[in-house]
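**Student:** Okay, handing you the structure first.
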Amino acid sequence: MEGKIYQNHTLEWEITNFIKVWVSVVVSLLYCHVASRIVPRGLTRIITFIPVMCLFLALPLSLHSMHLGGMSAFFIAWLANFKLLSLALDKGPLSDPTLSLPQFVAIGCFPIKKSRPNPCPSISKKPGKSLWNYLTKVLLMAVFIRIYDYSEHLHPKLIMVLYCFHIYFMLELMLAAVAALARATLGLELEPQFNDPYLSTSLQDFWGRRWNIMVTRTLRTPVYDPALSVSALVVGRKWAPLPAVFCTFVVSALMHELIFYYLGRKRPTWEMTWFFLLHGVSLPVEIAIKKVLNGRCQLPRVISTILTLGYVMATGFWLFFPEFFRVKSNVRAFEEYALVGAFLKDLFGGAVKARNFNSTIIQLPSVRR
């Protein structure tokens, strides 16, 4: 009984902190909205935004859960800060002068963008994923959670493969929920997140067009473009994308280390950094080979897909996923599922008992005195 009370108190405390964090985010973005209209772009605006960006780095330390804390850290410390950096240069989604105040705050917080009118009505947009697609992924996640109960009888590599798909499905479902809310309330659209990464035919295809596309776009203005300009002066325009890509992976590596520090509050081992540095070297090598070959030699699509996914998963098992297990993200995630389930059961169970009790009182026959 005491354990249940402690768990409920912990959940309520986390939710309270979650509300405080996001109220602070909204107020800070309101300040940035006003400042961007007054302060000229460039270094002066960056200095104006620095207190907010430092606050956004500190706020996730108030949260400790995998879901509320992890997603908040990603939205605040990563997305919001890099969008503010782009805004300081008068670029990026927040620089649109037609944004209303609620739209500015929502786009600053979440991976969403303003809907654009279709310039060619005769050409329909690519249809979004169907409801059945998301329902299938919910069902598969439920199956995965059930399979984890028998993890001691399964090969560890198989469990890691399941984690790969679990993380992908979870991210897509959570972002789809954000998209639905933004579309219903503010008429905003979700930024492209994933485009069937399991169909990638190269590392360039995987990182640039299929996996976490939103992050790629967010890093382009404040990281990739400046690195590209500097590299063009050193190695020329033809080869400038190679060091620019590497610089982008370096920044991504550091941000991933920060996110995992928020999740586990443990000193980094830098394995995840090595994962991104390895891909930060592999991708430019692949691009260079493509430039040299100029389309003269191409592998069959099936072979290239197998090699790409094999390389990503092998390096992920080696350097990326150990960090997940080190911070016990899998164990903590399932504990949170159980905690939320128990909380909802107590909440609705209490409501049902109260309703039945009231009905019983109403139905009691009157007693003659």
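The values are calculated or read from the model by the stated rules, or taken from the named source; none is laboratory data. Since the structure is predicted, the reported quantities are computational estimates derived from the model, not experimental observations. Cβ: placed from backbone, ideal geometry, glycine included. Neighbour counts: every protein chain shown.
**Student:** Can we say Gly42 is at positive phi and either exposed (fewer than 14 other Cβ atoms within 10 Å of the Cβ) or aliphatic (A, V, I, L, M) (or both)? If you could, list the steps in order and put the result at the bottom.
**Tutor:** Values: at positive phi: yes; either exposed (fewer than 14 other Cβ atoms within 10 Å of the Cβ) or aliphatic (A, V, I, L, M) (or both): yes.
Taking the combined requirement at face value, the residue satisfies it.
**Student:** Then there is this: Could you say which residue among Phe56, Phe49, Phe75 is modelled with pLDDT under 95 and either assigned to a helix (DSSP H, G or I) or outside the structural domain of Lys91 (by TED's automatic domain parsing) (or both)? Give the steps one after another, and end with the answer.
**Tutor:** Values: Phe56 fails: modelled with pLDDT under 95; Phe49 fails: modelled with pLDDT under 95.
Exactly one of Phe56, Phe49, Phe75 is modelled with pLDDT under 95 and either assigned to a helix (DSSP H, G or I) or outside the structural domain of Lys91 (by TED's automatic domain parsing) (or both), namely Phe75.
**Student:** How many residues are touching a residue at least 40 places away in the same chain (Cβ under 8 Å) and either touching a His at 6+ places or on another chain (Cβ under 8 Å) or not β-branched (Val, Ile, Thr) (or both) if we restrict to the range 213-258?
**Tutor:** Count: 10.
**Student:** Quick check on the range 298-328: of everything there that is of a type outside the set (A, V, I, L, M, F, W, C) and assigned to a loop (DSSP other than H, G, I, E, B), which residue is surrounded by the most Cβ atoms within 10 Å (Cβ to Cβ)? Don't jump to the end; show me each part of the working.
**Tutor:** Our first condition is that a residue be of a type outside the set (A, V, I, L, M, F, W, C); within the range 298-328, this holds for 298, 300-301, 304-305, 308, 310-311, 315-316, 322-323, 326, 328.
Still in the running and assigned to a loop (DSSP other than H, G, I, E, B): 298, 300, 328.
On the way: Gln298: 11, Pro300: 9, Lys328: 14.
Restricting to residues being of a type outside the set (A, V, I, L, M, F, W, C) and assigned to a loop (DSSP other than H, G, I, E, B), the top hit is Lys328.
**Student:** For a quick check of your reading of the model, give me the residue pairs whose first member lies in the range 197-208 and is free of Cβ contacts under 8 Å to residues at least 40 places away in the same chain, whose second is of a type outside the set (D, E, K, R), with beta-carbon atoms closer than 8 Å and at least 6 apart or on different chains.
**Tutor:** What qualifies is Pro197/Tyr168; Pro197/Phe206; Pro197/Trp211; Gly208/Thr216.
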